[in-house]
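So the structure is just underneath, and the comments pick up after that.
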Amino acid sequence: MRIKRRTFNSLAIAGAASGFAGSVHAQAKPITIGFGMALTGGLAPNGKSALLGMQIAEEDINARGGILGRPVKLVYYDDQSNPSSIPGLYTKLIDVDKVDIVVSGYATNMIAPAMPIVMQKDRCFFSLFGLAVNEEFHYPRYFSMVPAGGPRPKEAFAEGFFEVAMAQNPKPQTLALVGADAEFPRNALDGVRNIAKKYKLKIVYDKTYPPTTADYTPVVRAVAATNPDIFFAASYPPDSVGLIRASSEVGFKPKIYGGGMVGLQATAIKTQLGPLLNGVVVYDFWLPWAGFATDEGRALIKKYQAKAAGAGVDLLGYYIPPFSYALMQVVEQSIKGAGGTEDAKLAEFVRKNTFKTVVGDIKFNKDGEWETAQVMAVQFQNVKGNDVDQFRDPKTEVILWPSKYKTGNIIYPYDPKK
């Protein structure tokens, strides 16, 4: 794999207007921030979008004169959406590139295999969209940028979906679970099983499929044979598309469908599936019409969208860019607060402080998760055709939960034709 290094020529020119920024870029040694990112493979639609969010943050930080008088520089590899590439990649970043700050790329499955390397080196580790990764390790220098936080992140990820499902009349009684045999689905489904006990739901199907599965029709047929009221999938982008297409072909219509389907938040997948999305209830983390969205967050998305087409990435950028940008804000504030990049001091500062970001104020708990979870349950409605612009309309992605941010009512039971 070739490392992709950013040059600072254009940034130095942009910063020259302020004088200070220009001199920083010319003279100071950069603060290097190293990570792997899914730029090819099944996770690439989200990975490339995350990278652009980080690159915009890099530009913004350097335009302000850098951090502690030094510019920042992203040093990254394509992890190819392949967990087996991660140990070697992070060993190189730490031992060969000697990066100042270690962060993760996108996704639980990529973060978990990096943890033993980072822990062995006693490095501070800032992760992006990892679900309950530190529940096993309890590493005190781990900090997670994902709204599925709180004391029970596995449950927080699915809580809204089940709050919506169990508010229906008559209440659903049976539940079917599917997911890939990989880190993220395992964690998500653990949380769902706990929630099922709370609501006394009968689990009628609970199986995983190989991550390399290509044909999801047998999976869906097996689930449909159990006739569940609720269908919850913990799936990554290729799986989510495959499951929805197979469900349409088979005519599988439980009362509520969706849950933890990663990828349905990506614009390219929304436009690919089009009306097949109608009726699906799924999680989401940030939308410009959500009650908690800030003007600062919407301004970032405007800046992102201006660059998206040229960069060949997600055209709307609602899902990951606000959080990859916020990750860089946490890194910036941590370095300033700790007075440098020494890992022990960084970790101590992060544990004790609240961070101002484009996605709101963030404080981390003892396991490095957000102290307060902020996950939405949304339903796709009124999707017609496959054009991008319709997904700028709040009527196509209706917020169902939390109730204080609700923008519409659920269409129930699930029927893609409604």
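The values are calculated or read from the model by the stated rules, or taken from the named source; none is laboratory data. Owing to the predicted nature of the structure, the values given are computational and were not obtained by experimental measurement. Reconstructed Cβ throughout: ideal geometry from the backbone, glycine too, with neighbour counts over all protein chains shown.
Applying the criterion of at least 3 residues that are in contact with an Asp or Glu (Cβ under 6 Å, 6 or more places away or on another chain) to the helices (runs of 4 or more DSSP H) found wholly in the range 94-173 leaves 108-111. Residues of the range 281-323 that are crowded, with 19+ Cβ neighbours inside 10 Å, touching a helix residue (DSSP H, G or I) at 6+ places or on another chain (Cβ under 7 Å), of a type in the set (Gly, Ala, Ser) and in a loop (DSSP other than H, G, I, E, B): ALA290, GLY317.
Listed by position, the strands (runs of 3 or more DSSP E) inside the range 332-396 whose residues that are basic (Lys, Arg) number at least 3 form an empty set. Touching a Phe, Trp or Tyr at 6+ places or on another chain (Cβ under 6 Å) and assigned by TED's automatic domain parsing to the domain that holds ALA299: is that true of VAL375 in this structure? It is false that VAL375 is touching a Phe, Trp or Tyr at 6+ places or on another chain (Cβ under 6 Å) and assigned by TED's automatic domain parsing to the domain that holds ALA299. Between VAL192, VAL204, the distinction of being farther than 30 Å from GLY368 by Cα, aliphatic (A, V, I, L, M) and either part of a helix (DSSP H, G or I) or assigned by TED's automatic domain parsing to the domain that holds LYS270 (or both) belongs to VAL204 only. Annotation note: of ARG186, ARG298, the sole residue that is basic (Lys, Arg), within 19 Å of the chain's Cα centre (by Cα) and not assigned by TED's automatic domain parsing to the domain that holds GLN173 is ARG298.
Using the structure shown, decide if PHE231 is among the aromatic types (Phe, Trp, Tyr), in a strand (DSSP E or B) and over 19 Å from GLY130 (Cβ atoms). Yes: the conditions hold for PHE231.
Taking the options PHE323, PHE349, name whichever one is aromatic (Phe, Trp, Tyr), closer than 30 Å to ILE101 by Cβ and under 20 Å from the mean Cα position of the chain (by Cα). The match here is PHE323.
When each of GLN379, GLN329 is tested for being surrounded by fewer than 23 Cβ atoms within 10 Å (Cβ to Cβ), of a type outside the set (Lys, Arg) and at pLDDT 95 or above, the lone residue that passes is GLN329.
If we scan the range 72-91, do we find a residue that is crowded, with 17+ Cβ neighbours inside 10 Å, touching a Phe, Trp or Tyr at 6+ places or on another chain (Cβ under 6 Å), part of a helix (DSSP H, G or I) and at pLDDT 95 or above? Yes, the range 72-91 has at least one match. The set of residues in the range 232-280 that are in contact (Cβ under 8 Å) with a residue 40 or more places away in the chain and surrounded by fewer than 20 Cβ atoms within 10 Å (Cβ to Cβ) comprises SER248, LYS253, LYS255, ALA268, THR271, GLN272, GLY274, PRO275, LEU276. The set of residues from the range 48-64 being out of contact with any Gly (no Cβ under 7 Å at 6 or more places or on another chain) and either part of a loop (DSSP other than H, G, I, E, B) or of a type in the set (Ser, Thr, Tyr) (or both) comprises just one member, ARG64.
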